[in-house]
1. What number of residues within the range B:14-39 satisfy the criterion of being in contact with a helix residue (DSSP H, G or I) (Cβ under 8 Å, 6 or more places away or on another chain), surrounded by fewer than 15 Cβ atoms within 10 Å (Cβ to Cβ) and part of a helix (DSSP H, G or I)?
2. Working only within the range A:184-199, note down all residues that are surrounded by 10 or more Cβ atoms within 10 Å (Cβ to Cβ) and part of a loop (DSSP other than H, G, I, E, B).
3. Can you name every residue in the range B:34-47 that is more than 7 Å from every other protein chain (Cβ to nearest Cβ) and of a type in the set (A, V, I, L, M)?
4. Among (1) modelled with pLDDT of 90 or more; (2) closer than 30 Å to A:Glu135 by Cβ; (3) of a type in the set (Lys, Arg), there is one condition A:Lys97 misses while meeting the rest; what is its number?
5. Restricting to the range B:2-33, give me the number of residues that are more than 7 Å from chain A (Cβ to nearest Cβ) and without any contact (Cβ under 8 Å) to a residue 12 or more places away in the chain.
6. Can you pull out the residues in the range A:97-117 that are within 12 Å of chain B (Cβ to nearest Cβ), part of a loop (DSSP other than H, G, I, E, B) and of a type in the set (S, T, N, Q)?
7. In the range B:139-162, how many residues are without any contact (Cβ under 8 Å) to a residue 40 or more places away in the chain, open to solvent by less than 30 Å² (accessible area, probe 1.4 Å) and part of a loop (DSSP other than H, G, I, E, B)?
8. If I filter the range A:48-96 down to residues being in contact (Cβ under 8 Å) with a residue 12 or more places away in the chain, polar (S, T, N, Q) and crowded, with 20+ Cβ neighbours inside 10 Å, which single residue comes out as nearest to the other protein chains (Cβ to nearest Cβ)?
There are 2 protein chains.
Amino acid sequence: MSAYTESIEKLIEKLVKLPGIGRRSAERIVTYLLGVSEAEVRALAEALLKVKESVRFCSICNNLSEQEACKICDDQRRRKDMICVVEKPSDVTAIEKSGIYNGLYHVLMGSIAPLEGKGPGDLKIEGLVTRIKRENIKELIIATDLDIEGETTALYLTKVLKPLGAKISRIAVGIPMGSNVEYADSATLGKAMESRREI
Amino acid sequence: MSAYTESIEKLIEKLVKLPGIGRRSAERIVTYLLGVSEAEVRALAEALLKVKESVRFCSICNNLSEQEACKICDDQRRRKDMICVVEKPSDVTAIEKSGIYNGLYHVLMGSIAPLEGKGPGDLKIEGLVTRIKRENIKELIIATDLDIEGETTALYLTKVLKPLGAKISRIAVGIPMGSNVEYADSATLGKAMESRREI
């Protein structure tokens with residue numbers, strides 16, 4: 001017999017499915033929830049449902065959005081002739097946090113991963129090609145991951161998009177800010193040495 | 001401008017209020033939720049509300065319950081002449097997990113904490129006295145925390161309950177001083193229950 005009531009056990013079961021939440025964290029969350037007002041818990045439950053109801057993918061760039069077009073595609077202050085190509089919506093968020101980029105995005109919704117049976121046909125590349133042709137895009141930054149799948153995808157995209165005439169660049173490989181040269185892997189270190197910049 | 005949509009920001013805001021969940025974990029949870037079915041998210045939201053709706057306190061021992069009396073008070077296979085006194089419902093859960101105790105419980109709903117303005121009057125002691133008198137309780141195990149508040153509470157309880165005639169014991173110091181019953185591992189907790197000393 002569990003020491004918890006049925007509804008608590010059921011909630012814990014649901015909570016441990018979330019990433020980063022183990023049994024102990026779930027128990028702590030339940031203890032916390034039992035202590036707050038019902039209105040508070042209701043607000044959390046509603047926020048959960050609201051996200052699922054309202055969030056969809058931007059019809060232009062596939063970023064997360066609550067409208068037909070996402071806030072970035074809709075923002076008139078952004079450069080409309082640059083597209084940064086990423087694998088997933090959370091990559092957009094990460095780049096936006098850096099604050100350094102002011103162009104548009106295109107989310108591929110994955111990468112070429114033969115081992116998982118994912119080929120170019122599974123990615124949102126067609127829409128990207130159409131955008132480049134129609135919107136007079138001058139520069140493409142390919143910001144897929146630096147792992148094998150991301151590199152394969154970058155290579156494939158370069159081959160397919162080069163004929164369209166836009167300038168294509170790839171985000172730089174190098175040593176992360178704040179990290180140590182000593183601990184960098186040799187592949188990264190080699191790349192960082194190669195693409196050194198004069199100061 | 002946040003890179004997230006409004007409803008995502010709102011959900012993240014709610015999630016970071018939960019214990020052990022920071023901004024980064026909340027973002028990971030949202031990404032996960034966006035990927036699962038709406039039914040899955042609805043089930044989580046409903047489990048949250050269900051806990052808040054159904055869980056109340058046992059009218060006998062103040063443990064968490066979905067009925068008038070909790071599962072432990074209601075269990076005919078348990079010894080009815082022993083009460084283990086704890087500070088909060090999660091302490092019951094912790095002791096139940098050790099599997100070594102087969103009597104009843106009494107949850108005080110706190111401890112004597114003068115610094116927080118909490119005195120004996122704020123604890124559920126009256127009900128405990130009534131139970132000891134009426135139910136012919138032979139033994140009391142005081143399993144309040146081993147911190148200052150818990151020890152003060154144990155001392156106070158001993159003074160008040162001793163005249164009622166039941167044997168009173170305190171869980172053994174086997175749990176490190178200053179740490180909480182709730183977070184002790186089951187083996188330590190079991191040992192502490194076993195080697196309780198009469199006071």
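The values are calculated or read from the model by the stated rules, or taken from the named source; none is laboratory data. On a predicted model such as this, the values are computed, not experimentally measured, just so you know. All Cβ positions, glycine included, derive from the backbone under ideal geometry; neighbour counts span all protein chains shown. Only protein heavy atoms, including side chains, enter the accessible area calculation; ligands, DNA and RNA are left aside. Shrake-Rupley method; radii C 1.70, N 1.55, O 1.52, S 1.80 Å.
1. The number of residues fulfilling the criteria is 2.
2. Within the range A:184-199, A:Ala184, A:Ser195 meet the criteria.
3. Answer for the range B:34-47, where residues must be more than 7 Å from every other protein chain (Cβ to nearest Cβ) and of a type in the set (A, V, I, L, M): B:Val36, B:Ala39.
4. Condition (1) is where A:Lys97 drops out.
5. 9
6. Result: A:Asn102, single match.
7. Selection size over the range B:139-162: 1.
8. A:Asn63
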